[in-house]
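The values are calculated or read from the model by the stated rules, or taken from the named source; none is laboratory data. What you see is a predicted model, and the numbers here were worked out from it, not measured in a lab. Because the Cβ atoms are built from the backbone with ideal geometry, glycine has one as well, and the counts that use them run over all protein chains shown. Accessible surface is based on the protein model in full, side chains and every heavy atom, while ligands, DNA and RNA are left aside. Shrake-Rupley method; radii C 1.70, N 1.55, O 1.52, S 1.80 Å.
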Amino acid sequence: MCQSNTLQGPELHTGKWLQFPQLALRRRLGQLSCMSRPALKLRSWPLTILYYLLPFGALKPLTRVGWRPMSRVALYKSVPTRLLSRAWGRLNQVELPTWLRKPVYSLYIWTFGVNMKEAAVEDLHHYRNLSEFFRRKLKPQARPVCGVHSVISPSDGKILNFGQVKNCEVEQVKGVTYSLESFLGPRISTEEMHFSQAPPNNSFQKQLVTKEGNELYHCVIYLAPGDYHCFHSPTDWTVSHRRHFPGSLMSVNPGVARWIKELFCHNERVVLTGDWKHGFFSLTAVGATNVGSIRIYFDQDLHTNSPSYSKGSYNDFSFISNNNKEGIPMRKGEHLGEFNLGSTIVLIFEAPKDFRFNLKAGQKIRFGEALGSL
């Protein structure tokens, strides 16, 4: 007697019930595919978070009916870090009750290993809010400035990378690069600089090198949340120009820097350019999550982390045409600016071929210590 393969009874009903969610999901995904890109991204975002967070691939069956999760990088980039950073900035300005200051700051000190013995004011009750505590000053003798070497560290931090710039690319961490031109932006008009124009057919890197026999060098310093947050002039130089790039405020933690290519080109940054005794010199302060505020002491017109901005835009300000014909002279070790948490400083400068860094990648460094010399 032949047996039929047709599902009957409970088995038939079970098969139908299994098909219904799948058909409904296909229909819903079909509706999503007709939506605009921003709306689709908004709807896909919660599912993507669940896809990466839930154990045992709980949402993997969704991929069989056409849904694809956003990449981890795209998901991270979609986080509203600028909004979160502005909210954090507002919170930092809230004055804490005197009785609450010591426990709050003590927790921060313990978490990030802050050395309060170096602070100009060790009494925790002195700091009215978190912002004042982050921007605390040091005792004068806490950071002696090296007088022998030509370039010193502008801040406390960790050396992420250093060396010669090659092929118009700079390493943010070992093996991960970004474009020199994307980072600094188009070359500034030579009328604002103190040196002659390079041939227009040269590469961007060669246009920055102004003296024959010189090379272009770079150094990347990461400031952790527990580090001293002010930065200083790394050498004797003249600042001629400021370029402000509004942008994202993603974390610049070395782990994230390995993960996201051209991270420093995506983030908000302030590029100071000018010249020193060997030619071109620049210092760039790169913003990060909860570090929307970048302050340059001599630049009162600079306002960072504004609510709205155009992606890829930048604002230029000349200290030669607007202030005087000499620019802003800076002495080695002089106060230059500050962050409101941790962040990154990138030095890009021209020097003779015999310039040598006295560094190791990954080493801790303090403001005033030597970076390199001739």
**Message:** So in segment 247-267, with the set limited to residues that are out of contact with any helix residue (DSSP H, G or I) (no Cβ under 8 Å at 6 or more places or on another chain) and either basic (Lys, Arg) or closer than 30 Å to Thr210 by Cβ (or both), which one is most open to solvent (accessible area, probe 1.4 Å)?
**Reply:** Arg258
**Request:** Within segment 359-374, track down each residue that is loosely packed, with under 14 Cβ neighbours inside 10 Å and over 18 Å from Gly279 (Cα atoms).
**Result:** Lys360, Gly362, Gln363, Lys364
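Could you please give the count of residues in segment 109-135 that are of a type outside the set (Val, Ile, Thr) and touching a residue at least 40 places away in the same chain (Cβ under 8 Å)?
Let us first name the residues in segment 109-135 that are of a type outside the set (Val, Ile, Thr), namely 110, 112-113, 115-120, 122-135.
Next cut, touching a residue at least 40 places away in the same chain (Cβ under 8 Å) only: 112-113, 118, 131, 134-135.
Looking only at that region, the number is 6.
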**Prompt:** If you take the residues of segment 105-162 that are of a type in the set (S, T, N, Q) and assigned to a helix (DSSP H, G or I), which of them is surrounded by the fewest Cβ atoms within 10 Å (Cβ to Cβ)?
**Reply:** Gln141
**Message:** Looking at (1) modelled with pLDDT under 70; (2) over 24 Å from the mean Cα position of the chain (by Cα); (3) assigned to a helix (DSSP H, G or I), which one does Leu75 not meet, given that it meets all the others?
**Reply:** (2)
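Can you say whether Gly279 is out of contact with any helix residue (DSSP H, G or I) (no Cβ under 6 Å at 6 or more places or on another chain), over 21 Å from Thr177 (Cα atoms) and not hydroxyl-bearing (Ser, Thr, Tyr), as far as the supplied structure shows? So that I can check it myself, show each step before the final result.
Working: out of contact with any helix residue (DSSP H, G or I) (no Cβ under 6 Å at 6 or more places or on another chain): yes; over 21 Å from Thr177 (Cα atoms): yes; not hydroxyl-bearing (Ser, Thr, Tyr): yes.
Spelling it out, Gly279 is indeed out of contact with any helix residue (DSSP H, G or I) (no Cβ under 6 Å at 6 or more places or on another chain), over 21 Å from Thr177 (Cα atoms) and not hydroxyl-bearing (Ser, Thr, Tyr).
Only one of these is among the β-branched types (Val, Ile, Thr), closer than 23 Å to Ser313 by Cα, at pLDDT 90 or above and buried (at least 20 other Cβ atoms within 10 Å of the Cβ): Thr273, Thr235. Name it. Let's see the steps before the verdict.
On the way: Thr235 fails: closer than 23 Å to Ser313 by Cα.
Only one candidate passes the filter, namely Thr273.
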